[in-house]
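A short worksheet on the structure shown next.
The values are calculated or read from the model by the stated rules, or taken from the named source; none is laboratory data. From a predicted model like this one, the values you see are computed outputs, not experimental measurements. Counting neighbours? That spans all protein chains shown, and the Cβs are built from the backbone with ideal geometry, glycine included. To get the accessible areas, we keep the full protein, side chains included, count just its heavy atoms, and leave off ligands, DNA and RNA. Shrake-Rupley method; radii C 1.70, N 1.55, O 1.52, S 1.80 Å.
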Amino acid sequence: MSELNLILLGPPGAGKGTQAERLQGDFRMPHISTGDMLRAQVAAETELGQEAQRYMTAGELVPDEVIIGMIIARIAEDDARDGFLLDGFPRNTEQADALAAALEKLDRRLSAVLLIEVPDEEVVRRLAGRRVCVKNPSHIYHVEFDPPKRDGVCDQDGARLIQRDDDQEETIRRRLEVYHAQTAPLIAYYDSDGVLRRFDGLRSADEVHDRIRATLATLRLEETF
Ligand code: AP5
């Protein structure tokens, strides 16, 4: 397989960011997280960030016209030439259609869509206890399942750990409703294309990682025959 073009799909809190951080190390591909890109815009107080923040805080999707152009431009950048790992995009069929059209234009195709499945109640437990590094949002912890060595301090760079604004229970429940209504239809969408691979997100983060790696290794092997 010359390039690995991957999507991480799953409800909020399934562990997409956690797995992306590990896979990025394995395969040296850019981790393209729409959530992280939007939060960077919010922090920089750009016009786009100010518009996005209203939707994010409410647990709603940011309008397609803001997101689609940003991602299509990002996957055409040099560092994504040999592959990319999309996390948080696409989130509805309009975004999936736009991605398909952009890949076709670039004469590229999706290698796999990695679906991490986790029930709603587990999502609430995970997100309520999640803490993220203020300096690097890829450094993700959980107060119970994956605590840092020192309370409130990132193991990797010593920065402060914070709770995301949208990790309040009411917002988490709204994000779940939005996921089931708008994003879950992508499961059938990619299943019918034959690119969907399912993973049990209730396993430990290490086990999920091992299984994804094994699946990607098999995909690469299949392509050599
Ligand atoms: P986004 O940032 O994409 O959030 P999300 O999809 O809701 O996903 P999360 O980041 O909350 O969860 P995750 O699956 O990455 O889980 P994590 O690894 O952190 O989007 C935020 C908002 O931005 C959206 O609501 C929307 O407004 C907007 N937006 C973004 N993209 C958009 C788009 N394309 N279109 C429109 N709007 C968009 O893990 C969660 C916790 O669980 C952590 O504490 C972790 O330590 C723990 N954990 C992970 N794996 C395990 C495990 N196996 N066992 C036990 N604990 C685990």
Region 163-225 - percent of accessible surface contributed by carbon and sulfur, probe 1.4 Å: 48 percent
Accessible-area order (highest first, 1.4 angstrom probe) of the listed residues 89, 27: 27, 89
Check: the chain dipole with +1 on Lys, Arg Cβ and -1 on Asp, Glu Cβ, in debye: 460 debye
Whether region 161-225 is rounded, prolate or oblate, judged on the alpha carbon gyration tensor where a/c under 1.5 counts as rounded: oblate
Accessible surface of region 58-121, 1.4 Å probe, proportion on carbon and sulfur as whole %: 48 percent
When region 144-184 is reduced to its Cα atoms, the Kirkwood hydrodynamic radius in Å: 12.4 Å
Contour minus Cα-Cα distance for residue 102 and residue 122 (0.36 nm per residue): 3.7 nm
Cleavage-rule hits (trypsin sites (Lys or Arg not before Pro)) in region 34-105: DSSP loop, at most 16 neighbouring Cβ within 10 angstrom: 81
Low-density loop cleavage sites - GluC sites (Glu not before Pro) in region 1-58, where at most 11 other Cβ are within 10 Å (DSSP): 45
Residue-normalised accessible area of the chain, expressed per residue, 1.4 Å probe, Å²: 52 Å²
Residues with amide H under 5 Å from that of residue 112, placed H, sequence gap 5 or more: 5, 7
Ellipticity estimate at 222 nm from DSSP helix runs (n ≥ 4, -39,500 (n - 2.57)) divided over the chain, nearest 500: -14500 deg cm²/dmol
Over region 42-187, equivalent-ellipsoid semi-axes from the Cα gyration tensor in Å: 28, 19, 17
Estimated translational D of region 1-47 in µm²/s (Stokes, Kirkwood radius over Cα pairs; 37 °C; 0.692 mPa s): 268 µm²/s
